Ligand code: G3H
Ligand code: 13P
Ligand code: ZN
């Protein structure tokens, strides 16, 4: 069942966070759906601009509709991750997405408001919902590089949400994209979430850059010929604390890429005579499903699918 992120957030708010997982190909799609169905979790499939050009946007869109048929028990949103205005409009008009993210966070405040508002108006007219972003994550976000964190300012978040009518807001609190998030111990600004929640009670917030970069995964990759020294991520035991402060969506991409990397490095190290892509693919799909199911337990979304489905169906009847 394809739903909007807004519907998922209404059920999750204050209790748990929904996993938003980036995928690029068939093997990830199969593992993702299986992992969420196995752990009985509602979820968000994220398609980035990069993913849409890596495969082909039509291929990804067709895979989403097909996955919905293969896994009728799944309750999920199809979301554009880090879109620019043109990509948002393309997704809004595609008839496939239920949610888009407009990322104009690199623009000055007023320009961000202007662009976001145009996307919100177009999306709402077609029944889609919009995530926007305020503040900058250190490192690379799509094509934009930020040398340091520009934390979200709570008073600006309030004005931004009121001015744009966006349905959820990605906030910069010290996370970053990729496998190298912190030098030393992690420093996340939960105080910012707390302030925003006071100003915008009940409004769904989003945490990007939230992969945990598990150290055992990194060690296995390095032992199989990789070189990811110094990789580190977000402490997953903080997810439920974030959910209490209004975080309803937690974005995970890098951790899934690490699973892919570990499976393929170990497979070809242990089976140098093999060359058939299906052989490591058969290992990857269940491993990815296992990873998703375990992540959903940490997010608190595992076991919530029946309640979320019933809640969404009941609210549609009202
Ligand atoms: O925020 C970035 C996501 O991890 C997507 O990455 O642009 O390489 O697909 P990508
Ligand atoms: P990670 O790189 O931490 O997985 O973050 C992914 C993300 O924020 C996608 O938008
Ligand atoms: Zn992101």
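No lab work stands behind these numbers, since they all come straight from the coordinates. All values reported here derive from a predicted model rather than from experimental measurement. Cβ sites come from the backbone with ideal geometry, for glycine too, and all protein chains shown count toward neighbours.
The figures follow:
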read-out: Fewest-first ranking of 216, 255, 38, using other Cβ atoms within 10 Å as the exposure measure; value: 216, 38, 255
read-out: Cα-only Debye scattering, region 111-211: base-10 log of I(q)/I(0) at q = 0.10, 0.19, 0.23 Å⁻¹; value: -0.28, -0.96, -1.25
read-out: Percentage relative contact order, the chain, counting C-alpha pairs under 8 Å, at least six apart; value: 24
read-out: Pairwise Cα inverse-distance average, inverted: Kirkwood Rh of region 30-71 (Å); value: 11.1
read-out: Shape parameters for region 180-311, alpha-carbon atoms, Rg then Dmax in Å; value: 17.8, 60
read-out: Cα centroid separation - region 296-318 against region 128-199, whole Å; value: 26
read-out: Where only alpha carbons of region 177-230 are counted, the Rg and the Dmax (Å); value: 16.0, 49
read-out: Label zone at residue 69 (point 7 Å along Cα-to-Cβ), backbone N below 16 Å, region 27-54; value: 30
read-out: Cα→Cβ-extended label distance, 7 Å offset, between residue 222 and residue 315, nm; value: 4.4
read-out: Longest to shortest principal axis, alpha-carbon extents of the chain, angstrom; value: 60, 46, 34
read-out: Cα convex hull of region 145-193 - mean projected area over all directions, nm²; value: 4.4
read-out: Residue-averaged [θ]222 nm for the chain, counting only DSSP H segments that reach four residues, each worth -39500 (n - 2.57); value: -15000 deg cm²/dmol
read-out: All-pairs Cα distance distribution in region 86-135, expressed in whole percent, bin size 10 Å; value: 29, 54, 16, 0
read-out: Folded to 0 to 90 degrees: helix 26-38 orientation relative to the chain principal axis, Cα; value: 70
read-out: All-pairs alpha carbon distance profile, region 15-125, 10 Å steps from 0, percent; value: 14, 44, 31, 11, 1
